[in-house]
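The values are calculated or read from the model by the stated rules, or taken from the named source; none is laboratory data. Because the structure is predicted, anything quoted here is derived from the model rather than measured. Don't worry about glycine lacking a Cβ; one is built from the backbone with ideal geometry, like all the others, and counts go over all protein chains shown.
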Amino acid sequence: MKNKIKASVLTLVTALTLSGCGDLLDVNNPNNLVEESISQAAAASAVVNGSLSLVSSAISQIWQPYLVTSDEIYWIGSRDAWLALDQGFIGNPENEFSDGAFPSVGRGRWMSDQAIKILQGHVADDPSFGYDLARANHFAGIMYTVIGEVMEDFAFSDKTESGPPVGPGSMSTVLDKGITYLSTAISSFETLGNSDKALAAKAMRARAHQSRAIWDVINPTASGTFTTVNASAAGTDAQAVITAAGGNSADVNYDLVYSSGSQSNSMAGWINDRKENQYTTQLVTLDANNNRTGVAMMDPIDNIVDPAVTKRMSSWGCGSAAGNCGPYSPLTISSTRLMHLILAENALAGGDAATFTTHINHIRAMDGLTAFSGQISNNDMLQHTRRANTMIMGLRLADMYRFALTDPKWEAQSDAISTPGEMLPITIIEIRANCHLNGQGCGG
């Protein structure tokens, strides 16, 4: 945990330097700041910025092993641990890449909770810190949602104090807590009159509500049949977001942004620069050196390169579907397109084909595509539209499990085949250090 605190403090040093709060840095070595320093009122905003930095970094790291296990990103390099994930062996706690990502998630989770704790103390003395507390709840809600989506189990340890594992059967409670954090953020932003921030948090809560419903249908294992969910709470949020964002034609992404002045996107570094992994050729075209040259996926009705995929890859490429942002590609965590997808799926699950079609066509209209009117089955249209419009959002593997899809690269003996619904495990770095997991007991 010393490394966790050091990473958090180093992030805060950068933030404080940029904001000119020099008094907190009046030490011989700024890297030797003690934990108590970040609890000072003058550091409040920087603490929350530090939480965002660590949460953004964690998501960029943990999404990669999750997505390599799916059919969205494939291994093309030389590291066999990526190959094992590509083949569906997601449950190995000793895989070096899921193990390497685990500490970043622990840091992001711990710092997001710590930021709330610190800001609650400040608000008790001075309500003007309410905006930063709302932001802290927002970022914690994002972190908890992603943990609940991609992890099979998790342990909420506190520094050197080992936390017991939640247990695979109880990971839905992590999503529930993420929803609670987001609800607090939304209420606070609305009270403060910050409608834009409230809208972003509500778009994330819509995602969290749907992910909570999806969790139920893939645990303990997926059914092996095409399964939709009807998440009414997600639908309420989704409709509110669409209305507030400007109506059915509003095309808005809510992104995590990376830069040389903040933090890098680990997944982007591995894909863009190291070329250890790459998007599947079902989605993109590649040259002989595995550089992206364009988009491969076709729209099933107009039979043209799918413009939704082009837009998703152009975002990843910072303006061009074949672009290379190095380690700074943005990551979209929610969007108005996802809101329409939530409402479309709710309708389909409830037997309302007309409303399903309406929301699918709102998405298609954003790209100037021919309206859907039964040219393919509703299930196929949902599956395609969701794949094209939620690329690079950390949702694909759960969709594969619930839509009864398999990756040709998955081995017959793999976790993805034998226990569909399985996600990333608590890894060996935590198992060895955690007395609840290493067999040494937590007595004394």
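Identify all residues within the range 288-309 that are surrounded by fewer than 20 Cβ atoms within 10 Å (Cβ to Cβ) and either of a type in the set (Lys, Arg) or modelled with pLDDT of 95 or more (or both); write none if there are none. Across the range 288-309, the qualifying residues are THR293, GLY294, ALA296, MET298, ASP299, PRO300, ILE301, ASP302, ASN303, ILE304, VAL305, PRO307. Scanning for something crowded, with 19+ Cβ neighbours inside 10 Å, without any contact (Cβ under 8 Å) to a residue 40 or more places away in the chain and in a helix (DSSP H, G or I), does the range 94-105 turn up at least one residue? Yes, the range 94-105 contains at least one residue that is crowded, with 19+ Cβ neighbours inside 10 Å, without any contact (Cβ under 8 Å) to a residue 40 or more places away in the chain and in a helix (DSSP H, G or I).
Tell me yes or no: at least one residue of the range 201-224 is in contact with a Gly (Cβ under 6 Å, 6 or more places away or on another chain) and in a helix (DSSP H, G or I). Break it down stepwise before answering.
Filtering the range 201-224 for residues in contact with a Gly (Cβ under 6 Å, 6 or more places away or on another chain) gives 208, 218-219, 221-222.
Still in the running and in a helix (DSSP H, G or I): 208, 218.
Yes, the conditions are met somewhere in the range 201-224.
Within the range 313-364, the set of residues being more than 30 Å from SER57 (Cβ to Cβ), without any contact (Cβ under 8 Å) to a residue 60 or more places away in the chain and assigned to a loop (DSSP other than H, G, I, E, B) comprises GLY351, ASP352. In this structure, ILE76 does satisfy being farther than 28 Å from GLY141 by Cβ and of a type in the set (A, V, I, L, M, F, W, C).
Restricting the search to the range 393-423, which residues are of a type in the set (A, V, I, L, M) and in contact with an Asp or Glu (Cβ under 6 Å, 6 or more places away or on another chain)? MET423, the sole residue that qualifies.
For every residue, the table says whether it meets (1) crowded, with 24+ Cβ neighbours inside 10 Å; (2) without any contact (Cβ under 8 Å) to a residue 40 or more places away in the chain.
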position	(1), (2)
ILE59	yes, no
TYR74	no, no
PRO127	no, yes
GLY130	no, no
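The residue list ASN289, ASN303 contains one member that is outside any helix (DSSP H, G or I), free of Cβ contacts under 8 Å to residues at least 24 places away in the same chain and under 23 Å from PRO408 (Cα atoms), which is ASN289. Residues in the range 374-391 that are surrounded by 22 or more Cβ atoms within 10 Å (Cβ to Cβ) and not in a helix (DSSP H, G or I): THR390, MET391. Per the listing LEU85, LEU52, the residue uniquely part of a helix (DSSP H, G or I) and either under 25 Å from ASP399 (Cβ atoms) or at pLDDT below 95 (or both) is LEU85.
Taking the numbered list (1) more than 30 Å from GLY368 (Cβ to Cβ); (2) in contact (Cβ under 8 Å) with a residue 60 or more places away in the chain; (3) in contact with a helix residue (DSSP H, G or I) (Cβ under 6 Å, 6 or more places away or on another chain) in turn, THR191 passes all entries but (3).
Okay, residues lined up against (1) in a helix (DSSP H, G or I); (2) over 21 Å from SER37 (Cβ atoms):
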residue: ARG107; (1), (2): yes, no
residue: ALA124; (1), (2): yes, no
residue: ASP132; (1), (2): yes, no
residue: ARG135; (1), (2): yes, no
residue: VAL146; (1), (2): yes, yes
residue: ASP153; (1), (2): no, yes
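Of the residues making up the range 260-275, those that are at pLDDT below 95 and in a loop (DSSP other than H, G, I, E, B) are SER260, GLY261, SER262, GLN263, LYS275.
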